[in-house]
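Here's the structure, in structure tokens; my notes come after.
Derivation of every value follows stated rules applied to the coordinates shown; laboratory data play no part. Being a predicted model, the structure only gives us computed values, none of them experimental. So basically every Cβ, Gly included, is an ideal-geometry build from the backbone, and we count neighbours across all protein chains shown.
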Amino acid sequence: MKILKILAIALLALIAVSTAANATTTFLASDDFVGMSFWLISMGMLAATAFFFMEQANVSVQWRKSVNVAGLVTGIAFVHYMYIRGIWVETGDTPIIYRYIDWLITIPLQLIEFYLILAAVRKVESSMFWRILLGSLIMLVGGYLGQAGFINATLGFIISITGWIYILYEIFSGEAGKAAAKSGNKSLVMTFSALRMIVTIGWAIYPLGYIFGYLTDGIDANSLNVIYNLADFVNKIAFGVIVWSCAVANSSRR
Amino acid sequence: MKILKILAIALLALIAVSTAANATTTFLASDDFVGMSFWLISMGMLAATAFFFMEQANVSVQWRKSVNVAGLVTGIAFVHYMYIRGIWVETGDTPIIYRYIDWLITIPLQLIEFYLILAAVRKVESSMFWRILLGSLIMLVGGYLGQAGFINATLGFIISITGWIYILYEIFSGEAGKAAAKSGNKSLVMTFSALRMIVTIGWAIYPLGYIFGYLTDGIDANSLNVIYNLADFVNKIAFGVIVWSCAVANSSRR
Amino acid sequence: MKILKILAIALLALIAVSTAANATTTFLASDDFVGMSFWLISMGMLAATAFFFMEQANVSVQWRKSVNVAGLVTGIAFVHYMYIRGIWVETGDTPIIYRYIDWLITIPLQLIEFYLILAAVRKVESSMFWRILLGSLIMLVGGYLGQAGFINATLGFIISITGWIYILYEIFSGEAGKAAAKSGNKSLVMTFSALRMIVTIGWAIYPLGYIFGYLTDGIDANSLNVIYNLADFVNKIAFGVIVWSCAVANSSRR
Amino acid sequence: MKILKILAIALLALIAVSTAANATTTFLASDDFVGMSFWLISMGMLAATAFFFMEQANVSVQWRKSVNVAGLVTGIAFVHYMYIRGIWVETGDTPIIYRYIDWLITIPLQLIEFYLILAAVRKVESSMFWRILLGSLIMLVGGYLGQAGFINATLGFIISITGWIYILYEIFSGEAGKAAAKSGNKSLVMTFSALRMIVTIGWAIYPLGYIFGYLTDGIDANSLNVIYNLADFVNKIAFGVIVWSCAVANSSRR
Amino acid sequence: MKILKILAIALLALIAVSTAANATTTFLASDDFVGMSFWLISMGMLAATAFFFMEQANVSVQWRKSVNVAGLVTGIAFVHYMYIRGIWVETGDTPIIYRYIDWLITIPLQLIEFYLILAAVRKVESSMFWRILLGSLIMLVGGYLGQAGFINATLGFIISITGWIYILYEIFSGEAGKAAAKSGNKSLVMTFSALRMIVTIGWAIYPLGYIFGYLTDGIDANSLNVIYNLADFVNKIAFGVIVWSCAVANSSRR
């Protein structure tokens, strides 16, 4: 019995020690590639946010909204990446729900950018704003319901893809696309088509992640995280830098 | 006896372990809909606050107060939602007192907006300011006293409703309403009526919550929280966006 | 003996549990009126600070100092109320020393406001600045020495009251008072007399608190805290709002 | 043996309780004069930093650097006082190394102010900048090496004093002093001589502290801290206020 | 057995005590030279960041980007030094991965400065931007892969050096170098050559650190840290100050 008791007390001591050990393992190992990608993306988001918020004052007044919204997108992503990174460092896991919360705020904001940069150079009807917003919500809510298991995963995927295709239609052939083409502003047309490429190619990473990570299990969680992080680097920071360059180009012109 | 002792020590170990487990459960589960709504509303409030504070510098000087106050409303709501979210994630409970503290600061600020946006376009007497402030305090203090059990719940409800009705009277038929109608500023009239709709329809959620959550117990706490969160999204963020659009419309005109 | 040992271990478990319970009681109970008043005042101070710092850029340049100082007053008060609130929630106690530290910084700043708003509209001699500063230090140091027990409580009270009376003399009949009257600026005269009322009536709460709380024990600590919090709401936030309105009135005039 | 075991367990319980007690003693006692001086100086630094950073936008462009640097000095001091205060409240001790880290950043910045305010009104050669910087580094590194025990305490003192005397020479009789006298700017000459007085009389507190605290042990650590805190109040905040007044005086002139 | 049990319990008590002791050793010892260098560099980065962000508003609009990017560099470095410092104080270790994460963001930003300051005074082709960016990524990724052990250490070193040499070629003899020489802007030419010296001499510290710290083990980790910290002081803060001076010189000219 004595041994048992000592073991029990030793167990208690062990718990205390292992708690301390745990605290130590929250540091990144130098070959922890996934952790490093989380760290890079979060710091990049922070730097981008600071940059956009500082720079917005340096463009002409009708362009500031667009640069501010670019800053909101990276800022919100920064906050979420801090959470995701913390959970990853602590548990080695990255619940998809935090990415969905992030997307539910940042993706509508990004699509609103298409409306804002058009509205900065010519009159556009506000119904376009609502159609784009609706398309992004269908894409996101469908995906979330499917991944969280509220509805069938394949059904969720189909709903989500439908929303995305509608957005692509709107910005390529719909009113938004036509308005951009008709604006006659060379810098805007270039910006618009660069942003469109990001929404087409860069965003394709999300349905692909859905297919490989949830529908077919063809990819491990770590690779998926590195890919998502890299995609967000392009889709949020590069997206914002393009909006900002367009704002600078249209501000210095006058 | 040995077994008892080992059990007692095991209990101790269990407490330690369950503390760690508790810390783990503070992460959101991907099907935790209520938690997700808390997260979305708090991040939305943060983004809205940053946006209003950045944008206030881009409207003409007599409109900045209004946009600043919109930022204060979402900012204060952000701080409180961080507290409420933290308590909810930790305990699964959401004490109503934090919502009342939030309302006691944000609702008077929102009603002052009616006065501020009128004052930005025409001369208005300051007594209107005090009448609106008084109405909002009656509405809030009545509700708080009733829900905290200092006075009879039904009595509190009646006092609260009286304050709300008085506010509705003031902004529809009272001096504030008339002043808006007489301003001859199309954008202001539209804004004023949109804000009025929010105060009428959007705010109706609060007395309904009181009735279903406290007077009749006809709704569970979780649904109530999701409804309150959604209502606050409209009543605070959309409210602020409308004020901001009005400020932008009236700034670019000159 | 077994029972004793199990009791001892149970005691240990109880400590662990009660620590958790303690952590739970740091949430506000919905009928905790004192805690709510601490919460309201600290959030109000935060909102006021953000507002004054945002708005200072919107008044003309010689008035910005005054609005900035109003923001410093509420900002410093915010920091201290966060400390006081934390201690109160944790221990149910509110050491008076934190209030004195707050007052030692904010009250001189507020009295300097009388000098600053005069200096914004006419030339005033800087000796007035030093006389007001000296009066406020006598008032505060006397009160602190008496309440901390370094000197006799009644003596401290008398020294403190002397400082206050000197300040009242200076702003009513002294040079500051005369300078305001002679300025011929209607908005300044109104502001000056509103601020004077706050210093006369609003500040009377502090010596009354001293008498009832320390000299005669005629009031319980909780009521004293609620009264102090309410007084600070008027004496700091309303004070700042009045300074800000004066700055706005004098800025838009040109 | 039972008694021994119960005692041991009670000891364990005691440790837990005393930890809680410890946590309680981190609150300031109302007669804790040293703690109060740490609190006051840190809050004063915070307020000063906010003020200088807000106000820098309100002076003319060539003076903003000077006000910004004044804000950096109090800002860096604020951060360090938060650390020092925290350590003092927790342990009753205040390691001198934190003061030296603070001084190694803030004192060169302050001496650069002499160069900056000269450069704001007339052309000065940049070699003066480097000479002043060198003098301040000799003063600080000598003092640190002596107090940390890397070199003989008296030798460190002599090196440190030499650097200080060189600085005094430069700002009184050297080029900096002559440039100020020749500037013909009355407000600058007054400012320059006020700052000189602070560097001469106010800074004398540091070698005196070195003599009494380290060379002769003629003063206890608590009094030394109160004196250092008071000295920093004058040497950093009053220093910055003087720079700011000079900037305001030279801005409104045009 | 009693002794064993008491020992076991004493061990438990010891763990608790030593945890407290640990917490105490997180304070810097006054002769801890490495810790002091971490503290100085992090506080210096903070001050530099605040300064650049405050000052960017005071230079002409086409130079603000450059000053903002200087602030981003020191800001990102500040965040990472806080992490590195915390780990060092806690464990006496400084994982190189945090330095690489910092470099992966700050070094490309610094090299972009060469493009930005050229673009502020004359038209430059954007392909230069991409070439510099590519060179910096080769330098960093090569070094990281080698140090983390993904590839052979010597191979990593060679790849890294190749990237660095390409950058040197580009800014000395390549298009960037020629563009600067042709700009005919004296202040820009001086700035450009000062920055080039930093990239040539100051950055040489990193491959040297790689050689002595990883390839030959000829230097201890503490000295390496002090050298890296000093190098970053020059390579980031002095770099930024030079960019800022150039911006000020080119702004006041007009």
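Things to note:
- Gaussian network model of chain C, springs between alpha carbon atoms under 10 Å - residue of C:A231, C:A176, C:A57 with greatest fluctuation: C:A57
- Among A:D102, C:D93, the ranking by other beta carbons within 10 Å of each residue's beta carbon, starting with the fewest, stands as C:D93, A:D102.
- Span per principal axis, largest first, for the Cα atoms of segment C:2-251 (Å): 87, 44, 26
- Nearest-20 debye value, segment D:2-251 charge dipole, Cβ charges on Lys, Arg, Asp, Glu: 580 debye
- Against chain C, whose longest principal axis comes from its Cα atoms, helix C:2-25 is set at around 20 degrees.
- Segment C:233-242 - phi-based ³J(HN,Hα) in whole Hz, Karplus 6.51/-1.76/1.60, Gly and Pro as x: 4, 6, 6, 10, 6, 4, 3, x, 5, 5
- Copy-to-copy label separations for D:D93, where each label sits 7 Å from Cα toward Cβ, in nm and ascending: 2.6, 2.6, 4.2, 4.2
- Taken residue by residue and averaged, Cβ atoms of other chains lying within 10 Å of the Cβ of A:86-99 number 2.
- Cα-Cα over 19 Å, subset of A:K236/E:K236; B:K65/B:K236; D:K123/E:K236; A:K182/A:K236; C:K123/C:K182; D:K123/D:K178: A:K236/E:K236; D:K123/E:K236; A:K182/A:K236
- For segment D:75-188, average projected area of the Cα convex hull in nm²: 8.4 nm²
- Distance in nm between pseudo-label sites at A:Y169 and D:F172 (7 Å out along the Cβ direction from Cα): 8.5 nm
- Partner shielding of D:45-57 amounts to 5, given as the average count of beta-carbon atoms from other chains within 10 Å of each residue beta-carbon.
- Calculated log₁₀ intensity ratio I(q)/I(0) where the Debye formula runs over C-alpha points of segment E:104-146, q = 0.16, 0.19, 0.25 Å⁻¹: -0.43, -0.56, -0.81
- Dipole size of segment C:109-254 about its Cα centre, with +1 on Lys/Arg Cβ and -1 on Asp/Glu Cβ: approximately 840 debye, rounded to the nearest 20.
- Here B:T162 yields copy-to-copy label distances, from shortest upward, of 5.2, 5.2, 8.4, 8.4 nm, the label point defined as 7 Å from Cα along Cα to C-beta.
- Residue order, fewest to most beta carbons within 10 Å, for D:S187, E:S160: D:S187, E:S160
- On Cα atoms only, tilt of E:186-197 relative to the major axis of chain E in degrees: 40 degrees
- Positive end of the dipole of segment B:2-251 (Cβ unit charges, origin at the Cα centre): among B:V79, B:M43, B:V59, the Cα lying farthest that way belongs to B:V59.
- Only DSSP H runs of four or more residues enter the estimate; each adds -39500 (n - 2.57), and after division by the residues of the protein assembly as shown the mean residue ellipticity at 222 nm equals -26000 deg cm²/dmol.
- Using a Gaussian network model of chain B in which every pair of alpha carbons under 10 angstrom is joined by a spring, one finds that among B:I237, B:I227, B:I219 the greatest mean-square fluctuation is at B:I219.
- Ranked from shortest, the separations from the 7 Å Cα-to-Cβ label point of B:G184 to its equivalents in the other copies are 3.5, 3.5, 5.7, 5.7 nm.
- Test item: B:162-171 mean partner chain Cβ contacts at 10 Å: 0
- Altogether, the Stokes-Einstein calculation at 4 °C and 1.567 mPa s, with the Kirkwood radius of segment B:135-176 over Cα pairs as Rh, returns a diffusion coefficient of 128 µm²/s.
- For the protein assembly as shown, the equivalent ellipsoid derived from the Cα gyration tensor has semi-axes of 42, 42, 41 Å, listed largest first.
- Once the C-beta distance of C:M190 and A:A204 is scaled by a Förster radius of 56 Å, the resulting FRET efficiency is 0.30 to the nearest 0.05.
- Among D:F51, B:F172, the order by Cβ neighbours within 10 angstrom, fewest to most, reads B:F172, D:F51.
- Compared with the dominant principal axis of the Cα atoms in chain D, helix D:33-55 is inclined by about 40°.
- Volume per residue for segment E:141-227 equals 90 cubic angstrom (convex hull of Cα atoms).
- Normalised contact order of chain D, rounded percent, pairs of Cα under 8 Å and 6 or more residues apart: 22 percent
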